[in-house]
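See structure below.
The values are calculated or read from the model by the stated rules, or taken from the named source; none is laboratory data. Because the structure is predicted, anything quoted here is derived from the model rather than measured. Note that each Cβ is placed from the backbone with ideal geometry, even for glycine, and that neighbours are counted across all protein chains shown. Note: areas computed on protein heavy atoms with side chains; ligands, DNA, RNA excluded. Shrake-Rupley method; radii C 1.70, N 1.55, O 1.52, S 1.80 Å.
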Amino acid sequence: MDAIILQILNGLDKGSAYALIALGLTLIFGTLGVVNFAHGALFMIGAFCAVTLSKILNLSYETIDETKTDFLGNPLKVKTPYVEAWFGPDIGASIIDWAVPLAILFSIPIMIGIGFIMERGLIKHFYKRPHADQILVTFGLAIVLQEIIKYFYGANPIPTGAPEVFRGSFDFGVLLGFDPNAIIYPYWRLVYFAFAAVIIGAVFAFLQFTTFGMVVRAGMADRETVGLLGINIDKRFTIMFGIAAAVAGLAGVMYAPINSPNYHMGMDFLVLSFVVVVVGGMGSLPGAVSAGFLLGVLESFASMNEVKAILPGIDQIIIYLVAIIILLTRPRGLMGRKGVMED
């Protein structure tokens, strides 16, 4: 029983990342009708926003500490971060320690700006082009962004730590009545799941309960009619592209302590998240989120040694097998609108 609970937790953790990226992909497809294969790169850029802020906060200057000497008796050079000099050792150290959560605020304007530039500078020219053209140009853009990150940050993963208070593990075994240490799960992964739930809830609430969101939903259902009412739906859809970019970026920021940021992490998540979108239903926001968590849990169970002993390699293909079955039996996906991707 404890192994099952642990795999469910692992699945929800991984499914959170899938759901957040798939949510942004679906927002873009549902509003602009664009298949954006550069969306995984936005997830990667978000992760490197956390890396960048951490590096900025760790910028330091050297001073000579006369009270400390090396083995030759010379005074030691001590590096002091600027934030510690400005705010004091305790507050400065806390700011550095909380670099990843602070990167949320740091990344939002950056990701929205990148989203606006992508949409206005490139993607708007492909609205009425075939999906194959959209995939090619956005995939090419993803490769360009990936190589830019590789040039500035290198090819090796960059470890980015969570705040010290979240570096331990939570004992679910005691909470659920099992033996102590039976189910140990890292605090930060629980934080990530809670963060994903908040972001997903905020996006749905924004679309459901605000006038702006209601207009966007109406435009997703019937763009022409909304335009005839004198509403500039294109402007609203551009803003939604920026919001979708921010969602992907925030997903990457908070994932940095879980998976050390590297230049190809966007591609790793993009393919799986696009499969999630197809399974959930192209253009369906609830479908994207539900499929993200569902496939995350399935992938987690497929990675169990007991399962792999019976079906070797099943953990590598389970998501694709589910996608094939869904597409053969229900081409529009689990919650997709009738007629979408069925012709």
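Per-residue extension of 0.36 nm, minus the Cα-Cα distance of Ile324 and Arg120, leaves a gain of 70.0 nm for this segment. Of all the options Gly266, Gly15, Gly313, the one that moves most in a Gaussian network model of the chain with Cα springs shorter than 10 angstrom is Gly313. Sorting the Cα pairs of the chain by distance into bins of 20 Å, from 0 upward, gives 27, 53, 18, 2, 0 percent per bin. Expressed as a whole percent, the accessible surface of region 230-343 that belongs to carbon and sulfur atoms is 64, based on a 1.4 Å probe.
Net charge dipole, region 1-153: roughly 800 debye, given to the nearest 20, about the Cα centre with Cβ charges of +1 for Lys and Arg and -1 for Asp and Glu. Candidate cross-link partners of Lys150 among the lysines, defined by an alpha-carbon separation under 29 Å and a same-chain spacing of 8 or more, comprise Lys14, Lys55, Lys79, Lys124. Rounded to the nearest 20 debye, the dipole magnitude of the chain is 1200 debye, with +1 charges on Lys and Arg beta carbons, -1 on Asp and Glu beta carbons, and the Cα centre as origin.
Relative to the longest principal axis of the Cα atoms of the chain, the long axis of helix 233-255 makes an angle of roughly 40 degrees.
Apolar share of the accessible surface for region 1-160: 67 percent from carbon plus sulfur atoms, 1.4 Å probe.
Relative to one another, the C-alpha centroids of region 270-343 and region 196-238 are positioned 26 Å apart. From the residues Gly113, Gly161, Thr138, which one has its Cα farthest along the dipole of region 61-189 in the positive direction, the dipole being from +1 and -1 charges on Cβ of Lys/Arg and Asp/Glu about the Cα centre? Result: Thr138, furthest along the dipole toward the positive end. The residues of the chain present an accessible area of 49 Å² per residue when probed at 1.4 Å with all protein chains retained.
For Cα pairs less than 8 Å apart in space and 6+ apart in sequence, what is the mean separation divided by the residue count of the chain, i.e. the relative contact order in percent? Result for the chain is 34 percent.
Only helices enter this figure: runs of n ≥ 4 DSSP H residues, each worth -39500 (n - 2.57), summed and divided by the residues of the chain, yield -22500 deg cm²/dmol at 222 nm to the nearest 500. For region 180-286, the relative contact order works out to 22 percent when only alpha carbon pairs closer than 8 Å and six or more residues apart are counted. I need the calculated FRET efficiency for the pair Asp65 and Trp98, taking r as the beta carbon distance and R₀ as 22 Å, to the nearest 0.05. Given R0 = 22 Å and the Cβ-Cβ separation, E is 0.25. Taking Cα atoms only, the orientation of helix 211-221 departs from the longest principal axis of the chain by about 50 degrees.
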